[in-house]
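**Student:** Just dropping this structure here.
The values are calculated or read from the model by the stated rules, or taken from the named source; none is laboratory data. Just so it is clear, the structure is predicted and the values come from calculations on it, not from any experiment. Glycine gets a Cβ as well: all are built from the backbone with ideal geometry, and neighbour counts include every protein chain shown.
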């Protein structure tokens, strides 16, 4: 996980944990820090209540002990979800979904690079066919990632046919990983969900879909989840990719979004570079979040 961590609670908690003893202001400061980091009121209340109980039970007075308990509590809650990418099929097909503007196409390029760095061959399917700019953008990112690209043969080509051609190419050329870009037009929500369903059905005539990854922008916080609700309900999402964490002070969003959606975070993006995507590690994240 990259070193840039503006989402860390470190600064907000520093004064609290440097006090000589735990008092009522400690709890007020902790609650304020968690709410400010976008944990949301329910999770904040649950964490504070649990920590109060532990502090009372073990008669703790040292704020450093509270810091350790906070870190362990956050890690334990993050650990309830299986963050492993399920990519054992050959080829393993990943559909990448999400509203426009969350960094979906960029994420595809970074994911392709991530897989290439793990020694996998990759082909990307540019199935967001109604935006010429999207096709050009994903083509550029695929080239940077040293991945093959399957583009529409004409403007506005049926996205499902591009997805089919991509998987077909992977089968013929024995390429291990397939990543399919998809549209993110929210104004035609019903039509978009039908389109995603068709892509999936067509792909699965050839091979199963291994993952459906929903890309979320950390800087939009809980509001971004509202926008993505249709994908969660209708697109068969198997995991989340949280982008733009380097521009967010909302580190609690990561826990809140897993618990709200019931979906594991599988990848985290923080930075503009093609290498700035990593697998999600709850222990590392909790350590950096709390300090």
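**Student:** Looking for something touching a strand residue (DSSP E or B) at 6+ places or on another chain (Cβ under 8 Å), surrounded by fewer than 20 Cβ atoms within 10 Å (Cβ to Cβ), modelled with pLDDT of 95 or more and not assigned by TED's automatic domain parsing to the domain that holds residue 142 - is there at least one such residue anywhere in region 108-119?
**Tutor:** no
**Student:** Considering only region 110-125, state which residues are under 18 Å from residue 88 (Cβ atoms) and assigned to a strand (DSSP E or B).
**Tutor:** 122, 123 - these are the residues of region 110-125 that are under 18 Å from residue 88 (Cβ atoms) and assigned to a strand (DSSP E or B).
**Student:** A further question follows. Checking residue 32 against (1) over 30 Å from residue 193 (Cα atoms); (2) assigned to a loop (DSSP other than H, G, I, E, B), which test does it fail?
**Tutor:** Of everything listed in (1) over 30 Å from residue 193 (Cα atoms); (2) assigned to a loop (DSSP other than H, G, I, E, B), residue 32 misses just condition (2).
**Student:** Residue check, residue 102 against (1) outside the structural domain of residue 178 (by TED's automatic domain parsing); (2) surrounded by 14 or more Cβ atoms within 10 Å (Cβ to Cβ), all met but one. Which one?
**Tutor:** Only one criterion is unmet by residue 102, namely (1).
**Student:** Please work out which residue is farthest from the chain's Cα centre (by Cα), limiting yourself to region 259-273 and to residues that are buried (at least 16 other Cβ atoms within 10 Å of the Cβ) and farther than 25 Å from residue 47 by Cα.
**Tutor:** 271
**Student:** Can I ask one more? Taking the condition at pLDDT 90 or above and assigned by TED's automatic domain parsing to the domain that holds residue 140, does residue 255 pass? Working first, answer last.
**Tutor:** Working: at pLDDT 90 or above: yes; assigned by TED's automatic domain parsing to the domain that holds residue 140: no.
Criteria not met by residue 255.
**Student:** State the number of residues belonging to region 64-88 that are part of a loop (DSSP other than H, G, I, E, B) and surrounded by 15 or more Cβ atoms within 10 Å (Cβ to Cβ). Can you show your working first?
**Tutor:** Of the residues in region 64-88, the ones part of a loop (DSSP other than H, G, I, E, B) are 79-88.
Add one more test, that the residue is surrounded by 15 or more Cβ atoms within 10 Å (Cβ to Cβ), and what stays is 81, 83, 85, 87.
Total meeting the criteria: 4.
**Student:** Right, something else. Given the condition at pLDDT below 90 and in contact with a strand residue (DSSP E or B) (Cβ under 6 Å, 6 or more places away or on another chain), answer yes or no: does some residue in region 237-244 qualify?
**Tutor:** So the first thing to find is which residues in region 237-244 are at pLDDT below 90, and the list is 244.
Still in the running and in contact with a strand residue (DSSP E or B) (Cβ under 6 Å, 6 or more places away or on another chain): 244.
For region 237-244, residues at pLDDT below 90 and in contact with a strand residue (DSSP E or B) (Cβ under 6 Å, 6 or more places away or on another chain): present.
**Student:** Looking at (1) under 12 Å from the mean Cα position of the chain (by Cα); (2) buried (at least 23 other Cβ atoms within 10 Å of the Cβ); (3) in a helix (DSSP H, G or I), find the lone condition where residue 231 falls short.
**Tutor:** Of (1) under 12 Å from the mean Cα position of the chain (by Cα); (2) buried (at least 23 other Cβ atoms within 10 Å of the Cβ); (3) in a helix (DSSP H, G or I), only one is false for residue 231: (1).
Conditions tested, residue by residue: (1) over 20 Å from residue 271 (Cβ atoms); (2) crowded, with 17+ Cβ neighbours inside 10 Å.
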site: 134; (1), (2): yes, yes
site: 138; (1), (2): no, yes
site: 146; (1), (2): no, no
site: 160; (1), (2): yes, yes
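**Student:** Still on this structure: Is there any pair with a first residue in region 233-245 that is within 16 Å of residue 37 (Cα to Cα) and a second that is surrounded by fewer than 20 Cβ atoms within 10 Å (Cβ to Cβ) whose Cβ atoms are under 6 Å apart and which are 6 or more apart or on different chains, and what are they?
**Tutor:** Note: pairs meeting the criteria are 244/219.
**Student:** Could you figure out which of (1) at pLDDT 95 or above; (2) buried (at least 16 other Cβ atoms within 10 Å of the Cβ); (3) outside any helix (DSSP H, G or I) isn't true of residue 128?
**Tutor:** Against the list (1) at pLDDT 95 or above; (2) buried (at least 16 other Cβ atoms within 10 Å of the Cβ); (3) outside any helix (DSSP H, G or I), residue 128 comes up short only on (1).
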